[in-house]
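Participant: For reference, the structure I am asking about is given below.
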Amino acid sequence: QRHLLGIEPLHPAEITALLDRADHYAEAQRRGDRHGDALAGLTQVNMFFEASTRTQASFEIAGKRLGADVMNMAMQASSLKKGETLIDTALTLNAMRPDLLVVRHPHSGAVNLLAEKVNCAVLNAGDGRHEHPTQALLDALTIRQAKGRLHRLTVAICGDIAHSRVARSNLILLGKMENRVRLVGPPTLMPAQVGELGVEVTDDMAEGLRDADVVMMLRLQRERMDGAFIPSEREYYHRFGLDAEKLRAAKPDAIVMHPGPMNRGVEIDGTLADDINRSVIQKQVEMGVAVRMAAMDLLARNLRERVNGV
Ligand code: CP
């Protein structure tokens, strides 16, 4: 692949290869080893048109650990403020010959559009409600490490599915790796075509979590809601917020995941989120760096092979 724009175009073997590479970096991270210089001499530009803590920081750390020259564009202070378009911004940066562009944008499809206009490799750091591929990959690595496999697992994805690019990328990835996925949440927060996704759907937490190996919680993504009806936060927490009582429906060794940022007391109980016997939320953050190192390493190899005509 030239770019990493989504999980959709990836073959299961490519997903496994990327996770194996990420495992290598995760182990090096754990041991405190040096990380090598897979990106030495390359320029990585991070363009975040939407707020981020985890994704932006981990892409920056990943690039620096592998020796890239990393520049974070301050999009709020860029010439977009003077009316320059996304495409003109991309063409301008392209003329400076970066090797890797990491892009987050509030509009679905914006990152794919940008990728058509530049010569370098583009990594999608989340576009609208479309895809967030590195999040799904880091979730997959976390699951594989906790469960020892990434197939034939029952995964309940709970909450605001309709507005979630994390849910979408995870659904695609988990399906490709032959897992059973259940979507759990209010009908008003389910995608319009949910019946065509080929997964189980319920608005009952006990039913959705029954014998699940993995419980993945999502926040209410108000910034992407367009008049969708949601109950009050109190009512929402009562019906859909994950706490120790609701988690009893899942397998006794089920893990609890959340991509972050989380809203404690809305979609998840704070004590459960911090329970290191059940929650792998901090592990997800740790795996975020390893997965982004692996993704940029693999794209840089492809880049060099193209340049060298291999
Ligand atoms: N999970 C995730 O994308 O978090 P950020 O918005 O903080 O990057």
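Participant: Check Ser279: other-chain or 5+ apart residues with amide H under 5 Å from its amide H, H built from backbone geometry?
Facilitator: Val256
Participant: Could you give the nm distance between label points at Val194 and Arg234, where each point is 7 Å from its Cα heading toward the beta carbon?
Facilitator: 2.5
Participant: Considering only C-alpha atoms, what is the centroid distance from the stretch 35-62 to the stretch 260-310, in Å?
Facilitator: Cα centroid to Cα centroid, the span is 12 Å.
Participant: Tell me, what does the Kirkwood hydrodynamic radius of the stretch 55-214 come to in angstroms if you use every pair of distinct C-alpha atoms? Write out the running numbers ahead of the final one.
Facilitator: Values: mean 1/r = 0.0565 Å⁻¹.
One decimal place: 17.7 Å for the Kirkwood radius.
Participant: Can I ask one more? Above 32 angstrom, tally the Cα pairs of the chain and express them as a % of all pairs, no decimals.
Facilitator: Values: 12758 of 47895 pairs.
Roughly 27 percent, once rounded to a whole number.
Participant: Still on this structure: Measure nothing fancy, just the Cα-based angle from helix 54-65's long axis to the longest principal axis of the chain, in degrees from 0 to 90, nearest 10.
Facilitator: On a 0 to 90 degree scale, this one is about 40.
Participant: Cut-off under 26 Å on the C-alpha distance; same-chain residues fewer than 8 positions from Lys82 excluded. Which lysines are left, in chain and number order?
Facilitator: Lys117
Participant: To continue, here is another question. Calculate the spin-label point distance for Ser52 paired with Ala95, positioning each point 7 Å from the Cα along the beta-carbon direction, and give it in nanometres.
Facilitator: The answer from the label model is 2.5 nm.
Participant: Continuing with the same structure: Name the longest site-free stretch of the chain, where the excluded sites are trypsin sites (Lys or Arg not before Pro) in a DSSP loop with no more than 13 other beta-carbon atoms within 10 Å.
Facilitator: Working: sites that count: Arg2, Arg34, Arg149, Arg152, Arg248.
By the stated rule (loop sites, at most 13 other Cβ atoms within 10 Å), 35-148.
Participant: Additional query: How much FRET efficiency would the formula 1/(1 + (r/R0)^6) give for Ile61 and Ala146, where r is the Cβ-Cβ distance and R0 is 30 Å, rounded to 0.05?
Facilitator: Values: r = 23 Å, r/R0 = 0.75.
For R0 = 30 Å, the calculated efficiency reads 0.85.
Participant: Give the lysines whose C-alpha is closer than 17 Å to that of Lys147, dropping any in the same chain fewer than 8 places away, or say none.
Facilitator: Lys251, Lys283
Participant: Using the crude model of +1 on Lys and Arg Cβ and -1 on Asp and Glu Cβ, and no other charge, please compute the dipole size for the chain relative to its Cα centre, in debye to 20. Each step should come with its number before you reach the end.
Facilitator: Values: 39 positive and 40 negative charges, 114 e Å.
It comes to approximately 540 debye.
Participant: For the stretch 75-92 and the stretch 103-130, compute the distance between their C-alpha centroids and round to whole Å.
Facilitator: That distance is 14 Å.
Participant: Relative to a virtual label point 7 Å from the Cα of Thr85 in the Cα→beta-carbon direction, which members of the stretch 108-137 show backbone nitrogen distances below 20 Å?
Facilitator: 108-120, 128
Participant: OK, next. Tell me the relative contact order for the stretch 126-244 as a rounded percent, counting alpha carbon contacts under 8 Å between residues six or more apart. List each step's numbers first, then the result.
Facilitator: Values: 178 pairs, mean separation 34.5, N = 119.
RCO, the stretch 126-244: 29 percent.
Participant: Right, here's the next one. Non-local amide H neighbours of Leu4 (under 5 Å, H modeled in plane, Pro and chain starts lacking H): which ones?
Facilitator: Val122, Leu123, Asn124
Participant: Which cross-chain or sequence-distant (5 or more) residues have an amide H under 5 Å from the amide H of Leu242, H modelled 1.01 Å from N in plane?
Facilitator: When sequence neighbours closer than 5 places are left aside, the close amide H contacts are Ile268, Asp269.
Participant: Enumerate the aspartates and glutamates that Lys176 could reach by cross-link, defined here as Cα to Cα under 13 Å, with residues fewer than 8 away along the same chain left out.
Facilitator: Glu8, Glu14
Values quoted throughout were computed directly from the atomic coordinates according to the rules given, and no laboratory measurement underlies them. What you see is a predicted model, and the numbers here were worked out from it, not measured in a lab. All Cβ positions, glycine included, derive from the backbone under ideal geometry; neighbour counts span all protein chains shown.
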